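Visitor: Let me give you the structure first, and then I'll get to my questions.
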Amino acid sequence: MTELTRRQALLLTLAAGLPFPARTFAAGQKVTVALDWTVNTNHIGLFIARDKGFYAEAGLEVEILPYSDTGAGTLVANRVADFGINGTISLFTQKTAGADLRAVYAVVQTETGRVVFNADRSAIKSPKDLDGLTYGGFGSAWENALISTIIRHDGGKGNFETVTLGTSAYEALANGAVDFTLEVSTWEGVEAELKGIRQRSFRYADYGVPDEHTTFIASSDAFLQANPKAAVAFVQATRRGYEFAVDHAQEAGDLLIAANKDALTNPALIHASLKALNDGHFLRSEAGAIGTIDKAKVDAMGEYLFTAGILRDSDGKALEKRPDFAGYFSNEYLG
């Protein structure tokens, strides 16, 4: 059975709710990693590590799976992929609900998201001025908790209207159909700037929301326990890829574009986004941390989500007892 056929079979098994067969790997065998979204600069370290030969030097053949409608966390937890890019909130919520997930690499060292609105909205001077306005959203409980916290922290009531639009929220914001939305400053924010769209924004952490890593690379405990050497090799080679993206940004951006010519048709966006990631010390902190997961950040965000009632068990019931968030991540594979 080919690898493609095997993945198709596993996806069908996932859809049917059947158990997955265990997978084991010896050094030099293929390792798969799933993306959380269409290719963008958050993924650059993976492609650099693959195409610069860092994975091969580590004894691995790494396949980067294309983005699909099935989330990366679900693919990892069900052994369809060995690693996956995971947003922080999805990692917390899936893990709490019983998914076999553990973060092993922090792609970014600090929050990249922000509340954004058009710069000509002179009446919006601080978050409390968002009370009563219309938010173009993405359909998660996290968004409501986040925005309410930010508004209340500034002295407002935290009341606003929500229209669920998905990625259409950015067009809706630009044409004034909604008043504000959330965006990733290093991607949608950069894209808006390149288009000449003037925006203003509020940082979450300035208004009562804990700072977070935003994006992780996660695996399953099943894979990590069965394949500790392969896990170490993958994580450390991936870190080399992200280090290269910081130290050799022009070449790294060119390599990412060359590897994804059909998807990445705007080179200016890729290079500007990578510059924003590097200038903002997102991929590597000012203190030099790259890939390392900050326990204090995990604890703070976990506590916030628990208190907000967002963390739910496998039956969909809000947790009554705070989890031990130490089990949600590990830095041991970074060496």
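The values are calculated or read from the model by the stated rules, or taken from the named source; none is laboratory data. This is a predicted model, so every value here is computed, not measured. Because the Cβ atoms are built from the backbone with ideal geometry, glycine has one as well, and the counts that use them run over all protein chains shown. Side chains are part of the model used for accessible areas, which takes the heavy atoms of the whole protein and leaves out ligands, DNA and RNA. Shrake-Rupley method; radii C 1.70, N 1.55, O 1.52, S 1.80 Å.
Visitor: Output the residue which, of all residues in the range 127-141 that are of a type in the set (Gly, Ala, Ser) and open to solvent by less than 20 Å² (accessible area, probe 1.4 Å), is nearest to Leu311 (Cα to Cα).
Guide: If we take residues in the range 127-141 being of a type in the set (Gly, Ala, Ser) and open to solvent by less than 20 Å² (accessible area, probe 1.4 Å), then Gly137 is nearest to Leu311 (Cα to Cα).
Visitor: Determine whether the range 305-314 contains at least one residue that is exposed (fewer than 11 other Cβ atoms within 10 Å of the Cβ), farther than 19 Å from Thr215 by Cβ and at pLDDT 95 or above.
Guide: Looking for residues that are exposed (fewer than 11 other Cβ atoms within 10 Å of the Cβ), farther than 19 Å from Thr215 by Cβ and at pLDDT 95 or above, one finds at least one in the range 305-314, hence yes.
Visitor: Report, by residue number, each residue of the range 125-167 that is within 21 Å of the chain's Cα centre (by Cα), among the small types (Gly, Ala, Ser) and part of a helix (DSSP H, G or I).
Guide: Ala141, Ala145, Gly166
Visitor: Given the criteria of a type in the set (Asp, Glu), under 21 Å from Leu91 (Cα atoms) and surrounded by 21 or more Cβ atoms within 10 Å (Cβ to Cβ), does Glu183 qualify?
Guide: yes
Visitor: Quick one: in the range 259-271, of everything that is surrounded by 12 or more Cβ atoms within 10 Å (Cβ to Cβ) and among the hydrophobic types (A, V, I, L, M, F, W, C), which residue is farthest from Tyr67 (Cα to Cα)?
Guide: Leu269
Visitor: Let me ask something else. Looking only at the range 204-231, count every residue that is charged (D, E, K, R), farther than 20 Å from Trp37 by Cβ and either within 20 Å of the chain's Cα centre (by Cα) or open to solvent by less than 30 Å² (accessible area, probe 1.4 Å) (or both) and tell me the total.
Guide: 2
Visitor: Further question on the same structure: Ser126 is checked against (1) out of contact with any strand residue (DSSP E or B) (no Cβ under 9 Å at 6 or more places or on another chain); (2) closer than 30 Å to Ala296 by Cβ; (3) among the polar types (S, T, N, Q) and fails just one. What number does that condition carry?
Guide: The failed condition is (1).
Visitor: Now a separate question. Could you check how many residues of the range 317-335 are open to solvent by 40 Å² or more (accessible area, probe 1.4 Å) and not polar (S, T, N, Q)?
Guide: Total meeting the criteria: 10.
Visitor: Ok, one more. Regarding the range 142-154, can at least one residue be identified that is crowded, with 17+ Cβ neighbours inside 10 Å, in contact with a Lys or Arg (Cβ under 7 Å, 6 or more places away or on another chain) and in contact (Cβ under 8 Å) with a residue 24 or more places away in the chain?
Guide: Yes, that holds for at least one residue.
Visitor: Of the residues that sit in the range 232-256 and are more than 27 Å from Ser330 (Cβ to Cβ) and under 20 Å from the mean Cα position of the chain (by Cα), which one is surrounded by the fewest Cβ atoms within 10 Å (Cβ to Cβ)?
Guide: Once the filter is applied, the top-ranked residue is Gly253.
Visitor: Out of curiosity, is Val190 closer than 18 Å to Phe282 by Cβ, modelled with pLDDT of 95 or more and assigned to a helix (DSSP H, G or I)?
Guide: Taking the combined requirement at face value, the residue satisfies it.
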